[in-house]
Each structure stands twice: as C-alpha cells, then as structure tokens.
Amino acid sequence: MSEKIWRNEIKYVCSNEALIRIESSIRNICRPDAHADQRGVYRVRSLYFDDYYDTCFHENEDGVAPRKKYRIRIYNENVDQIFMECKYKERDMIRKDSCRITEAECIELMRGNGWAAGSGQEPLLKYFCAEMALRAYAPKIIVQYERMAYIYQIGNIRITFDRNIAMSNMVEDFLKKELAVRPVMPVSRHVLEVKYSGMIPDYIYNALQVSDLRQTNFSKYYISRKI
C-alpha cells in the first residue's frame, strides 16, 4: 500500500488533560481505527534505519526539506504482518510508500543483508536494498508507543494520539514479543498528530483548540536517537 497523495501533517505535544479533552470531543464525530482493540488502542513498533553518515538524523536536526526516512513497522507485536515503509516529508506535507515484507526478509534487513532481502518484486523493498548497499543503511533504533486513532473521511482526516512513547537500542530484538524500552517523554506528555489532504471542518478544528496544546516538529526517531 502506498499513499501517493501528499497530506498535511501537524503535530502537537500535549498533556494528559488536553489529550482526554480532545479525544472526548472527537469520538462522536470521527470513527475509530478498525485495527484498535476494545479500548480503542493498538501498539506500534518501528525499526528505523539510517545510512553511514546518519543523514536522516542530521537532516531532521537541521530541518532539511525534502527528506525521507526508512523504517520497518509491526502492530501489536504481530510478526505475521510486517511492513517496509518510506516516509517523505516536505515541510508540513508528508506521504508514505509501504509494502508487506516477510519475516525472513525483515531478519536479513536487520542484519544489513540487503542483497539477500531484495530478491522479491516489491519496488520499495528493491530500492531500499539498493540504497542499503550504496549508502550502508543499518538499523539504528526501535521506537514503540500506544496509538489511538480516529478517521474522518471528508478531507481524508486522521487524528492520532500517541502515548507511552519509548525507545530501545536493542535493534536485534525488534521481532521479539517482549522488548526492554526506555521512555523518551515524561509520563504526562503525549503526541497528537493531525493528517489531512483537504479542509478541516470547523467542528473538528474547534475540538483541537485547547489552551495547552503546543505545535511542534516532534520526530520520534530524532528524539529517540538524542537520548
């Protein structure tokens, strides 16, 4: 699956109180993500790659645009569905290319063996494996968090609340059920993301107008590497 359409992305750091207030306002307007559990939550775990010179890290630090990041992602520790992704960012605009990969391909990429993983037909995987060979891409950090997501079809709006954001340097443990992690933010701080490709209706915009909401260029990858 690839999101070829560019979308706006706005990020906020928010408190527990702000998150609860906003979530209670939009839950009757937007539908919850279909992959969430009975609490409306699913777990996201991403393994980020960077090249020999840590180009992705430094471009993020310097605010370079455009830029991109490669990652492998699983949900709810389910290794039967593994996704290779490349996220492109141009100021406040983003798009994402994504494809399914096998557990065997994931393991080879974790080992830095792009030549062994890139024999399939997926263009994104083949391209990344070529970049891995040319630029010495390697796994750098794992980022894990709990996500609550809401969707509103008009304007292709997706609102996500990310709690308990944590990192691990044990990149070899990416596919394990249990992972030792370290928090990257205080317990009371969370990240709210709003993605949209059209206009945001007034009633959703108004729901986001909370006094202690602070817009930010927050990057989970960057802050996890900084620790």
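The values are calculated or read from the model by the stated rules, or taken from the named source; none is laboratory data. Because the structure is predicted, anything quoted here is derived from the model rather than measured. Cβ placement follows ideal geometry from the backbone for every residue including glycine, while neighbour counts extend to all protein chains displayed.
Just to verify a result, which residue in the range 8-55, among those that are assigned to a loop (DSSP other than H, G, I, E, B) and aliphatic (A, V, I, L, M), is farthest from the chain's Cα centre (by Cα)?
29
Do any residues in the range 67-87 that are at positive phi have Cβ atoms under 8 Å from those of residues that are in a strand (DSSP E or B), where the two are at least six apart or on different chains, and which pairs are they?
Pairs found: 76/42; 76/43; 77/43; 77/45.
So how many residues does the range 127-159 have that are touching a helix residue (DSSP H, G or I) at 6+ places or on another chain (Cβ under 7 Å) and assigned to a loop (DSSP other than H, G, I, E, B)?
Here the count works out to 1.
Is it the case that residue 159 is under 19 Å from the mean Cα position of the chain (by Cα), touching a residue at least 12 places away in the same chain (Cβ under 8 Å), more than 27 Å from residue 4 (Cβ to Cβ) and surrounded by 13 or more Cβ atoms within 10 Å (Cβ to Cβ)?
Spelling it out, it is not the case that residue 159 is under 19 Å from the mean Cα position of the chain (by Cα), touching a residue at least 12 places away in the same chain (Cβ under 8 Å), more than 27 Å from residue 4 (Cβ to Cβ) and surrounded by 13 or more Cβ atoms within 10 Å (Cβ to Cβ).
For the range 196-220, enumerate the residues that are out of contact with any Ser or Thr (no Cβ under 8 Å at 6 or more places or on another chain) and either within 20 Å of residue 63 (Cα to Cα) or surrounded by 16 or more Cβ atoms within 10 Å (Cβ to Cβ) (or both).
Listed by number, the residues that qualify are 196, 200, 204, 208, 210, 213, 214, 215, 216, 217, 218, 219.
Residues of the range 19-55 being among the small types (Gly, Ala, Ser), in contact with a Lys or Arg (Cβ under 8 Å, 6 or more places away or on another chain) and exposed (fewer than 13 other Cβ atoms within 10 Å of the Cβ), which ones?
none
Give all pairs with beta carbons closer than 8 Å in which a residue from the range 121-142 that is more than 27 Å from residue 184 (Cα to Cα) meets a residue that is part of a helix (DSSP H, G or I) and hydroxyl-bearing (Ser, Thr, Tyr); count only pairs at least 6 apart in sequence or on separate chains.
Correct list of pairs: 135/55.
So that you can scan it fast, the table gives a plain yes or no per residue for (1) part of a loop (DSSP other than H, G, I, E, B); (2) more than 18 Å from the chain's Cα centre (by Cα):
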| residue | (1), (2) |
| --- | --- |
| 120 | yes, yes |
| 165 | no, no |
| 193 | no, no |
| 205 | no, yes |
| 224 | no, no |
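Could you list, in sequence order, the residues of the range 100-123 that are crowded, with 19+ Cβ neighbours inside 10 Å and either of a type outside the set (Asp, Glu) or modelled with pLDDT under 90 (or both)?
If the condition is that a residue be crowded, with 19+ Cβ neighbours inside 10 Å and either of a type outside the set (Asp, Glu) or modelled with pLDDT under 90 (or both), then 101, 106, 109, 110, 114, 117, 118 are the ones that fit.
Which of the numbered conditions does residue 73 fail, given that it passes all the others? Conditions: (1) of a type outside the set (A, V, I, L, M); (2) in a strand (DSSP E or B); (3) exposed (fewer than 13 other Cβ atoms within 10 Å of the Cβ).
Unmet condition: (3).
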